[in-house]
Amino acid sequence: MEPISRLLMRNPVFAGVYERIWRPTFTRLFSLGGSATEDYDRALRAWLARPGERLVLDVACGPGNYTRLIADGLTGDGRCAGIDFSPAMLRQAVRTNATGRATYLRADAHAIPFADNTFDVVTCLAALYLIPDPLSVIDEMVRVARPGGDIVIFTSVATELTSLPGVRFAVEAATGFHIFDEHAVVDRLRAAGAVDVEQTITGQGQYVLGVAPDSRPTP
């Protein structure tokens with residue numbers, strides 16, 4: 001049986017309430033009712049939306065809340081592409097977050113349909129924990145980032161609470177929501193070649209930032 005989280009992401013009703021109701025509530029839950037995740041998210045959104053002529057890819061963009069925010073700050077030939085596997089989420093993105101500098105495309109994050117070294121910034125925010133085989137998505141994010149480009153991830157992280165016996169297994173089995181070991185995302189980014197990797201843990205979530213390498217290994 002398919003996990004409930006993936007069924008919800010394809011549900012048009014859920015797509016309609018995701019941005020306005022579910023996402024703010026879920027962000028608060030990452031800090032167990034506190035504001036640490038929300039505070040970091042606010043600062044990150046301001047940084048992502050800063051003016052500039054950049055090409056940005058928003059992986060697993062959902063209804064496009066971050067995609068639109070980023071696109072609205074771009075200048076010149078700057079553009080933001082949002083990709084997602086859910087038709088329901090993409091339809092909602094087009095309805096509520098369409099803008100001249102944003103493009104939405106149905107695509108598999110395991111095989112991003114863009115060439116190597118394309119984007120100045122690649123993000124995956126509050127989505128990696130819902131994707132099957134999630135660590136391979138990080139490889140793709142690094143691949144499509146230009147040398148020196150920024151890679152930004154917000155996802156789950158194991159804590160004392162979720163590391164209690166049986167908790168992680170029960171959560172993932174029941175919902176499909178993956179809880180990452182503390183070093184898993186950081187280690188995979190570095191293994192993919194990213195440098196200057198930084199991790200900030202806020203409650204049950206983690207923000208991981210890295211920079212695409214100036215040179216890539218020859219196949």
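The values are calculated or read from the model by the stated rules, or taken from the named source; none is laboratory data. In this text the structure is predicted, and so the values were computed from the model without any measurement. Every residue, glycine among them, receives a Cβ derived from its backbone with ideal geometry; neighbour counts consider all protein chains shown. What goes into the accessible areas is simple: the full protein's heavy atoms, side chains included, and nothing from ligands, DNA or RNA. Shrake-Rupley method; radii C 1.70, N 1.55, O 1.52, S 1.80 Å.
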Restricting the range 38-58 to residues that are crowded, with 22+ Cβ neighbours inside 10 Å and assigned to a strand (DSSP E or B), the residue that is farthest from the chain's Cα centre (by Cα): 56
One residue from 97, 117 being within 19 Å of residue 191 (Cα to Cα), touching a Pro at 6+ places or on another chain (Cβ under 7 Å) and not aromatic (Phe, Trp, Tyr): 117
Unique residue being without any contact (Cβ under 8 Å) to a residue 40 or more places away in the chain and aliphatic (A, V, I, L, M) when the list is 208, 186: 186
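Can you tell me which residues in the range 185-203 are among the small types (Gly, Ala, Ser) and either closer than 23 Å to residue 214 by Cα or open to solvent by less than 10 Å² (accessible area, probe 1.4 Å) (or both)?
Correct list: 191, 192, 193, 194.
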Strands (runs of 3 or more DSSP E) contained in the range 120-219 and holding at least 3 residues at pLDDT 95 or above and within 15 Å of the chain's Cα centre (by Cα): 145-156, 205-211
The lone exception for residue 92 - which of (1) touching a helix residue (DSSP H, G or I) at 6+ places or on another chain (Cβ under 8 Å); (2) buried (at least 22 other Cβ atoms within 10 Å of the Cβ); (3) within 18 Å of residue 151 (Cβ to Cβ) it fails: (3)
Selection count, the range 122-136, where residues are open to solvent by 30 Å² or more (accessible area, probe 1.4 Å) and over 20 Å from residue 87 (Cβ atoms): 2
Search result, residues across the range 59-73 that are among the aliphatic types (A, V, I, L, M) and open to solvent by 10 Å² or more (accessible area, probe 1.4 Å): 60, 69
Residue identified as in contact with a helix residue (DSSP H, G or I) (Cβ under 9 Å, 6 or more places away or on another chain) and open to solvent by less than 20 Å² (accessible area, probe 1.4 Å) among 114, 119: 119
Filter result for the condition that a residue is at negative phi and modelled with pLDDT of 90 or more, over 28, 101: 101
Residues within the range 75-89 that are under 19 Å from the mean Cα position of the chain (by Cα) and open to solvent by 10 Å² or more (accessible area, probe 1.4 Å), tallied: 5
Filter result for the condition that a residue is in contact with a Ser or Thr (Cβ under 8 Å, 6 or more places away or on another chain), at pLDDT 60 or above and assigned to a strand (DSSP E or B), over 93, 71, 81: 81
